Amino acid sequence: MHRPAGSHPVRLLVVMDPIEAIDRQKDSSFAMLLGAQQRGWRIAYAQVQDLWVLDGEARARVADLRVWDDDERWHEVGEHYEVALSAFDVILMRKDPPFDLEYVYATYVLERAEAAGALVVNRPQGLRDANEKAFVAWFPECSVQTLISRSLPQLRRFIDEHERAVVKPLDRMAGRSVFVTGALDPNRNVLLETMTDFGRRSIVAQRYIPEILTTGDARILLIDGEPVDRALVRIPPPDDHRGNISVGASTELRPLTSDEQRVCAIVGPALRDRGLLFAGIDVIGGLLTEINVTSPTGIRELERYETNVGGDESMATEPDLRPPAEGIKEPDWDTLDASYEAPGARDVVPEMPPIPDVTTPHPPKDNWAWAHYDDFYHKPRKAFPTPNREPISEANPLEIDVFYSMRSPYSYLSLFRLAYLHSNFNVNVNIRVIFPIAARTAKPGQKSALGGRWYFWGYSVGLDMTRTAQYEGIPWRFANPDPILADTYPPESGTQITAPMEKQPYITWLVRLANAAQLEGKALEYCLAVSPLIWGAQTKLGEWPFHVEAAVNSIGMDYSAVIEDIRANPDKYDDVWQQNQEDFQMTGQGGVPTMSFNGEPFFGQDRFNQFFWRLRQNGLTQRKVPREPIVAKPLRWPISSGGE
């Protein structure tokens with residue numbers, strides 16, 4: 001699926017062996033990179049030794065990468081830099097075996113990246129669970145007879161029973177250390193002793209399938225559980241028993257046989273469920289022999305037969321389309337009862353023009369947080385702004401931006417302190433409403449990054465929000481109906497599946513009204529009028545949508561005229577939220593409320609005291625007479641100039 005026009009280029013990281021050592025003519029990773037680059041994706045490159053975890057965050061030393069299908073110049077690696085893996089939309093794990101402990105450790109790092117929102121192909125847990133040689137044992141109904149053991153007597157009995165057998169290690173690839181032996185082979189015992197290290201290391205033994213010499217070893221690529229419609233058949237060379245291209249096997253392309261289609265129908269769903277989006281299975285004589293998931297090959301050979309896999313549409317899976325957790329299905333959004341809404345609540349929402357894509361990229365490299373990052377080892381690229389020394393007055397106030405969401409309870413819980421700050425101090429509080437994180441970080445019907453990246457939903461909804469409101473002395477009730485239509489149950493799952501924007505009854509309405517208020521210089525007033533309806537228990541349960549029109553009119557806006565203008569000129573209002581989100585990205589933050597002064601972000605209502613301290617450092621002064629909108633002094637207002 002192609003990314004909609006106007007959204008950011010997908011950022012792709014490939015983790016692989018040294019790129020200068022690959023065989024460009026045969027390497028499937030190279031084919032994938034060519035396909036990604038053709039789509040305009042931005043590519044970075046790292047090796048396994050470049051990955052690490054620091055305080056729970058997956059990080060890497062990477063370099064930007066460009067590739068060309070050209071013998072003279074086929075790759076260019078840029079300067080290396082350090083980055084959090086959450087900065088990437090998609091991470092391709094393409095390290096070749098051996099599947100050793102270092103490989104396993106790398107999957108742990110990638111699992112932290114996955115938890116932070118990246119789509120990792122293939123899924124780290126799936127790579128650990130699905131050993132390429134052993135995973136066939138999960139499908140005995142369609143696989144060749146297989147023994148996994150380190151017992152020498154068991155292995156000898158298996159070979160005697162089947163007369164001839166293939167034996168191979170569990171952690172290799174490309175036909176390495178793969179042997180054919182038999183009951184009468186005088187080298188059989190020493191071969192087994194060597195491969196098992198005298199019974200200390202498990203290996204795989206499979207019945208030898210003689211059809212490999214006639215009908216070949218069929219490599220079938222599966223993408224998201226679905227097979228490519230052609231098999232790449234590999235015929236062993238005359239002087240070898242192995243059907244591997246790397247040892248000289250000849251190839252041909254043919255349609256899948258009925259037996260091969262049956263194998264794919266059995267194996268494909270299991271691969272998809274485990275997040276193994278790209279796999280290559282080997283079938284000989286209609287029987288499954290291997291399931292390759294680490295770095296399966298075959299794309300380049302298929303491309304020579306004019307079968308486009310590296311550039312196949314299904315390989316362009318959007319980064320937000322994370323494979324849903326097992327058992328999660330998209331709800332029926334028209335009937336979902338996710339939060340209570342009074343009968344007729346949706347009917348008061350006027351029809352709106354379609355909304356452009358609201359998802360946002362990861363922050364650009366030059367965002368404020370990264371430009372000023374200082375861990376006492378890596379020096380910041382930019383110095384902190386020099387504190388203001390000019391007198392601050394009503395005629396010369398400080399200016400701050402507050403990135404705010406109508407669906408964010410923490411935005412609401414910060415609102416009254418922000419309003420009091422604006423009213424009683426010489427600072428202009430510019431509220432800039434953006435779409436909520438549940439809409440910005442997930443495609444329709446997919447698991448939102450909300451569950452894994454930002455906070456545990458059950459903790460926040462069921463405990464922390466209520467406790468914070470009680471501590472701050474702020475009226476509070478969870479939003480019913482929820483401004484975002486999403487399925488968040490069961491709460492202990494930490495999972496949220498978000499409805500597509502065309503099925504969202506409320507959020508586009510609320511955001512565009514906020515943008516209209518911003519254009520009229522009344523964004524703060526709008527939030528003070530509307531947010532307490534949603535979060536502050538100012539209406540009967542489930543009825544806040546009925547009161548929005550009156551709230552908008554109460555701040556001196558003409559609700560009917562605004563709705564008419566939104567319908568006639570949607571771009572005028574969409575430009576506002578799009579600019580808000582673009583500027584929000586430059587802070588380097590991901591959640592709201594984010595208060596920004598001179599570009600420096602302060603994320604969360606619990607950072608208000610630090611924010612107030614920073615304003616004091618820059619000469620914040622109190623107004624002689626409060627200005628509208630006037631609110632009562634918050635219960636937890638900072639009591640010292642230091643913001644404590």
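The values are calculated or read from the model by the stated rules, or taken from the named source; none is laboratory data. This one's a predicted model, so the numbers in the text were calculated from it and none came from an experiment. Because the Cβ atoms are built from the backbone with ideal geometry, glycine has one as well, and the counts that use them run over all protein chains shown. Side chains are part of the model used for accessible areas, which takes the heavy atoms of the whole protein and leaves out ligands, DNA and RNA. Shrake-Rupley method; radii C 1.70, N 1.55, O 1.52, S 1.80 Å.
Averaged over its residues, the chain has an accessible area of 44 Å² per residue, based on protein heavy atoms and a 1.4 Å probe. Bridgeable aspartates and glutamates around K633 (alpha carbons under 13 Å apart, same-chain partners fewer than 8 residues away excluded): E472. Solvent-accessible area assigned to carbon and sulfur over the chain amounts to 50 percent, based on a 1.4 Å probe.
Could you sort out which of K133/K168; K26/K168; K95/K133 sit more than 20 Å apart by Cα distance in this structure? Mind dumping the intermediate values first?
On the way: K133/K168 8 Å; K26/K168 23 Å; K95/K133 16 Å.
Too far apart for the 20 Å limit: K26/K168.
Think of the stretch 124-171 as a dipole: +1 on every Lys or Arg Cβ, -1 on every Asp or Glu Cβ, centred on the Cα centre; then among V166, W138, L152, L152 lies furthest on the positive end. Straight-line cross-link partners of K522 among the aspartates and glutamates, defined as a Cα under 16 Å from its Cα and at least 8 positions apart when in the same chain: E399, D401, E549, D558, E628.
Of the Cα atoms belonging to the stretch 92-138, the radius of gyration and Dmax stand at 10.9, 33 Å.
For the pair the stretch 569-597 / the stretch 87-159, the C-alpha centres are spaced 42 Å from each other.
Could you grab the relative contact order for the stretch 1-113? Cα pairs under 8 Å, six or more apart, rounded to a whole percent. Rounded, it is 32 percent for the stretch 1-113.
Taking 0.36 nm per residue of separation and subtracting the current Cα-Cα distance, fully stretching the chain between D575 and A561 would add 3.2 nm. Note: relative contact order over the chain, using C-alpha pairs below 8 Å and six or more positions apart, is 13 percent. Panel values: the chain, Kirkwood radius from alpha carbon pairs, Stokes-Einstein at 4 °C and 1.567 mPa s, translational diffusion coefficient 46 µm²/s.
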